[in-house]
Amino acid sequence: MTVYKEKERILRAIADRALQAVSPDPAMRTALSLENDTLTVDGRTYDLASFERIFVIGAGKASAAMARTLESVLGDRLHGGLVATKYGHGVKLKKTRVMESGHPVPDPAGERAAKDILGLAKGTTEKDLVFCLLSGGASAIVPAPRDPVTLSHKQAATRSLLECGATINEINAIRKHLSRFKGGHLAGALEPATVVSLIISDVIGDHLDVIGSGPTAPDDSTFLDCQAVLDKYELCADLPDAVRRVIRDGCAGKEPETRKKGDSCFNRVLNTIIAGNAMAVDGAAEAARELGYTPVVTDYAMAGEARDTASRMIRLAHEYGEGLHEVKPPLCLLAGGETTVTVRGRGKGGRNQEFALAAAIEIAEIHSCREQMSVLCLGTDGTDGPTDAAGAMVFPDTMARSEAQAMVAREFLADNNAYRFFTNTGTLLKTGPTLTNVMDVVAILVDPK
Ligand SMILES: O=C(O)[C@H](O)CO
């Protein structure tokens, strides 16, 4: 047990506020304004009484929670529908079927959900209004491989892509080009219905074609981009033949591209973002201020290899701790975004735990700032990598308290085994599924010397 109880209380309060700020329910209620039968969303109005049927579909870690609010807002106007979410992220709904499936590697349950959602979409007409609730995780949760790619090919490709250090834009360029659902194809299946896509963003820059691989958005990426990703990460040898063939044939113009801007299928589609990472960072900043720490947001687009980004952020925090910047301690450095981990070891962890471990090592090495810093790394969906933790915390005594681990902390990092390290220190952060997903928030408390 940490002796830094007060720091832990503060970091947990910051985490809670970050999560509250991006909770699906308030985000949905803010986005949807309904007066009698007139619904206003993002400046557009819809006369709900003019539609024959109103459906809900969706995919992502927040989709079931979003559908719960939609049911409450629309009441009897809602005909029904189907949303898919990750295992453990489902909620009980009155009119909407909820299917759960695998993430980050897709599974057969996800394939069934994708098939059923596409079936529902294809059965709609120009007299229907369809709400599409999208959030991060959708790419894995609803796999719909295009011929001749199969689910097991997609599983193999997903594993290789997740472990090579590719960015989400790069990964999703490939996912879109192997899919009948992503890259605007869901919008194609829904044409000519009217579509309102409400989206919780978990990508830097909130690019509509990247979030969940953009099922209802025009795609900017091409088969040539996919080939460039395979070359950059030397993935060709690892990928199933069918995957390489689709991309090679696509580059030669022999496979149809994803749906692009100007395609008629987007004429009746509104894509609108209702929550994103900046809202979580700002919520965390508010909480820090109330708790006596001046917030300093250093980055709303944190990216890069987790361990490198962590070292840079700790060195910056050290400068603040030394009084080299205008804002003086006590302060809280904050950043939001999503780092990547190039997996080289065989351990267990996630990017937030890896970030926290690299931060602990950097703090121990600088040494003079050891007593000043406490660190929180939070994955806002509640699951960091394939673990049951949302992230981890580091306190001034994290290294000292676990002398054995301190000596071999670098080995834990080299083996990508941060989960084990923080299990030993007792400072994993466990929230359970949060039913939202807006990437990560890092908070570093810097106390006076
Ligand atoms: O599902 C996905 O593609 C990622 O979470 C990014 O949105």
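The values are calculated or read from the model by the stated rules, or taken from the named source; none is laboratory data. Remember, predicted model here, so these are calculated numbers, not experimental data. For neighbour counting, all protein chains shown are included, and Cβ atoms are generated from backbone atoms with ideal geometry for every residue, glycine included.
Annotations for the structure displayed:
- Applying a threshold of 7 Å to beta carbon distances and a minimum spacing of six or more residues, or different chains, the list of pairs starting in the range 164-183 at a residue that is on the phi > 0 side of the Ramachandran plot and ending at one that is of a type in the set (Gly, Ala, Ser) reads Gly183/Ser213; Gly183/Gly214.
- Taken together, Leu11, Leu82 contain a single residue that is outside the structural domain of Val196 (by TED's automatic domain parsing), within 25 Å of the chain's Cα centre (by Cα) and not aromatic (Phe, Trp, Tyr), which is Leu11.
- Qualifying residue in the range 46-56 (condition: in the same structural domain as Arg175 (by TED's automatic domain parsing), modelled with pLDDT of 95 or more and closer than 20 Å to Pro26 by Cβ): yes
- Residues being of a type outside the set (Gly, Ala, Ser), more than 15 Å from the ligand (Cβ to nearest atom) and not in a strand (DSSP E or B) - total across the range 92-112: 7
- Selection within the range 125-144 - touching a residue at least 60 places away in the same chain (Cβ under 8 Å) and more than 8 Å from the ligand (Cβ to nearest atom): Thr125, Glu126, Lys127, Asp128, Leu129, Val130, Phe131, Cys132, Leu133, Leu134, Val142
- Test for Gly347: is it under 23 Å from Ala138 (Cβ atoms), of a type in the set (Gly, Ala, Ser), out of contact with any strand residue (DSSP E or B) (no Cβ under 6 Å at 6 or more places or on another chain) and outside any strand (DSSP E or B): no
- Hits in the range 235-253 (condition: without any contact (Cβ under 8 Å) to a residue 12 or more places away in the chain and either out of contact with any helix residue (DSSP H, G or I) (no Cβ under 9 Å at 6 or more places or on another chain) or not assigned by TED's automatic domain parsing to the domain that holds His185 (or both)): Ala237
- Pairs, first among the hydrophobic types (A, V, I, L, M, F, W, C) in the range 94-108, second in a loop (DSSP other than H, G, I, E, B), C-beta under 6 Å, six or more apart: Val98/Gly90
- When the range 192-234 is filtered for residues that are within 16 Å of the ligand (Cβ to nearest atom) and either β-branched (Val, Ile, Thr) or outside the structural domain of Asn267 (by TED's automatic domain parsing) (or both), the ones remaining, listed by number, are Ile199, Ile200, Val203, Ile204, Val210, Ile211, Thr216, Val229.
- Residues (among the β-branched types (Val, Ile, Thr) and more than 16 Å from Thr222 (Cβ to Cβ)) located in the range 165-192: Thr167, Ile168
- Within the range 165-219, considering residues that are within 20 Å of the chain's Cα centre (by Cα) and of a type in the set (Lys, Arg), the one nearest to Asp25 (Cα to Cα): Lys182
- Members of the range 51-87 that are more than 16 Å from the ligand (Cβ to nearest atom) and part of a loop (DSSP other than H, G, I, E, B): Phe51, Glu52, Leu78, His79
- Members of the range 159-209 found to be among the small types (Gly, Ala, Ser), at pLDDT 95 or above, under 30 Å from Arg344 (Cα atoms) and part of a loop (DSSP other than H, G, I, E, B), listed by number: Ser201
- Failed item in (1) within 19 Å of Ala187 (Cβ to Cβ); (2) touching a His at 6+ places or on another chain (Cβ under 9 Å), with Ala84 passing the rest: (2)
- In the set Lys182, Lys122, Lys115, only one residue is touching a Lys or Arg at 6+ places or on another chain (Cβ under 7 Å), closer than 24 Å to Phe266 by Cα and either assigned by TED's automatic domain parsing to the domain that holds Arg268 or within 13 Å of the ligand (Cβ to nearest atom) (or both); that residue is Lys182.
- Entirely in the range 222-328, the helices (runs of 4 or more DSSP H) that have 3 or more residues that are under 23 Å from Pro448 (Cβ atoms): 277-290, 306-321
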